[in-house]
Amino acid sequence: MNVPFVSFEPMHKEIESEIVDKFKEVYNKNWFIQGDEVKKFEEEFAAFCDAKYCIGCGNGLDALYLILRGYDIGVGDEVIVPSNTYIATALAVSYTGAKPVFVEPDLNTCNINSDLIEKVITDKTKAIMAVHLYGQPADIDRINDIAQKYNLKVIEDSAQAHGALYKGRKTGSLGDAAGFSFYPGKNLGALGDAGAVVTNDKELADKIRAIANYGSDKKYHHIYKGTNSRLDEIQAAFLRIKLKNLGKWNEDRIRIAQKYLEGINNPKIIKPNIAGYAKCVWHLFVIRTEKRDDFVRYLNDTGVGTTIHYPIPMHMQDAYADLGYKKEDFPMAEQISDEVLSLPMWYGMKDEEVQYVINTINNWE
Ligand SMILES: *Cc1c(COP(=O)(O)O)cnc(C)c1O
């Protein structure tokens, strides 16, 4: 059997005719930027997140960048980010001119270890980026408490956690503002790049809407040195169709994850841990093993697709050589990057495919 790491086929087959009809509708309207579809998607996605405002934008990286710009964070400021995340989290900070300050993860959840945050706070610290990695919400109550004590903003990087819950509350409404990515492979994905900011802060929402549209609040009237990062009508139209199905698609990921958690019993494999406060939506199912390279070869030979999220921690990336870090500065992030491996996880995986992955893993010696 061959089980690909990811397949969009079952998801996209189900909605194909709806998508094609929608394409024709938008095409015939001849209105492609900032129209009704974007407006409706923004309302629907804000409601989905139990939040007041949503501003569509070009991608997830821009969403995070726009939030930082909205809070006037820039040169001379510091923003706390987890040492274990996708590089976009840190790049958003760098683009503003501020400095990303890394904090190690908790090895159980792979999310930021909130016990270590206070140690790195300085008088330059302006915000904490709470990444809900792999679909599991970060320990947000602790993070919000720390932020309140030091007067910092809490920005959720929700790029991997559409619909996840923290103590019953939706990601996107847990901090001051949240950035979402609709990259095709995310739990809610467009048919191309797209993203959104979600917040309950009206002032921030208005400002971000302007910054994302050339800094313009009225046509040809520019109040900020803004950028161009807007959600396309066509992508918003597609996203509206997908959003209606997101609950079902997330539940299917949970079904697969439960089977993996129950079925995988190879002692050489460490399974993911979900904190008691979290409902995880399993953007990725990430296991750990010390013999990772052998395991990858074995899975390749047996037809099980895998990917490593992420093989090089940010402080070891050439792009961040300027920060002057060296190996062993963030041992937890390094250990995770040496040991992690993501298993197939996509809507519509058949029971026998899930079972094949489990059996294959259990038979590894
Ligand atoms: C995907 C992702 C982003 C960036 O989203 P894009 O839409 O690709 O720009 C940011 N943070 C995390 C954690 C991500 O997984």
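The values are calculated or read from the model by the stated rules, or taken from the named source; none is laboratory data. Everything numeric in this text was worked out from a predicted model, so none of it was measured. When we count neighbours, we look across all protein chains shown, and the Cβ atoms used for this are built from the backbone with ideal geometry, even at glycine. Note: accessible area is taken over every heavy atom of the protein model, side chains too, but ligands, DNA and RNA are not part of it. Shrake-Rupley method; radii C 1.70, N 1.55, O 1.52, S 1.80 Å.
Could you run the Karplus curve 6.51 cos²θ - 1.76 cosθ + 1.60 with θ = phi - 60° over segment 283-297 and give me ³J(HN,Hα) per residue in whole Hz, x for Gly and Pro?
So the J values, rounded to whole Hz, are 4, 9, 10, 10, 9, 10, 8, 5, 9, 4, 5, 4, 5, 4, 4.
Averaging sequence separations of C-alpha pairs under 8 Å and six or more residues apart, then dividing by the length of segment 269-365, give the relative contact order as a whole percent.
The normalised contact order for segment 269-365 reaches 36 percent.
How much net charge surrounds residue 347 when only the other residues with a Cβ under 15 Å from the Cβ of residue 347 are counted, with Lys and Arg +1 and Asp and Glu -1?
Here the charged neighbours net out to +2.
For every helix of n ≥ 4 consecutive DSSP H residues, a contribution of -39,500 (n - 2.57) applies; sum these over the chain, divide by its total residues, and give [θ] at 222 nm rounded to the nearest 500 deg cm²/dmol.
Roughly -12000 deg cm²/dmol at 222 nm, from the helical runs in the chain.
In whole Hz, what ³J(HN,Hα) sequence does segment 104-121 give by Karplus (6.51, -1.76, 1.60; θ = phi - 60°), x for Gly and Pro?
5, x, 7, 5, 5, 9, 6, 8, 3, 8, 5, 5, 9, 5, 4, 4, 9, 6
Would you mind getting the accessible area per residue of the chain, heavy atoms of the protein chains only, 1.4 Å probe, in Å²?
Using a 1.4 Å probe on heavy atoms only, each residue of the chain averages 44 Å².
Over the chain, with a Gaussian network built from C-alpha contacts below 10 Å, which listed residue (159, 196, 237) shows the highest mean-square fluctuation?
Checking each option, the largest mean-square fluctuation is seen for 237.
When the Cα centres of segment 26-94 and segment 220-241 are compared, how far apart do they sit, in Å?
Segment 26-94 and segment 220-241 have Cα centres spaced 10 Å from each other.
Check cross-link reach from residue 119 to the lysines: straight Cα distance under 26 Å, and skip same-chain residues fewer than eight apart.
99, 149, 153, 326, 327
Between 11, 129, 332, find the one with the highest GNM mean-square fluctuation for the chain; connect C-alpha pairs within less than 10 Å.
11
May I ask what percent, to the nearest 5, of DSSP beta bridges between residues of the chain are antiparallel?
So the antiparallel bridges amount to about 60 percent of the total.
What pairs from 186/259; 242/271; 170/259; 40/202 go past 28 Å between their alpha carbons?
Violating the 28 Å Cα-Cα cut-off are 242/271.
Taking N as the number of residues in the chain, what is its alpha-carbon radius of gyration divided by 2.2 N^0.38 Å?
0.99
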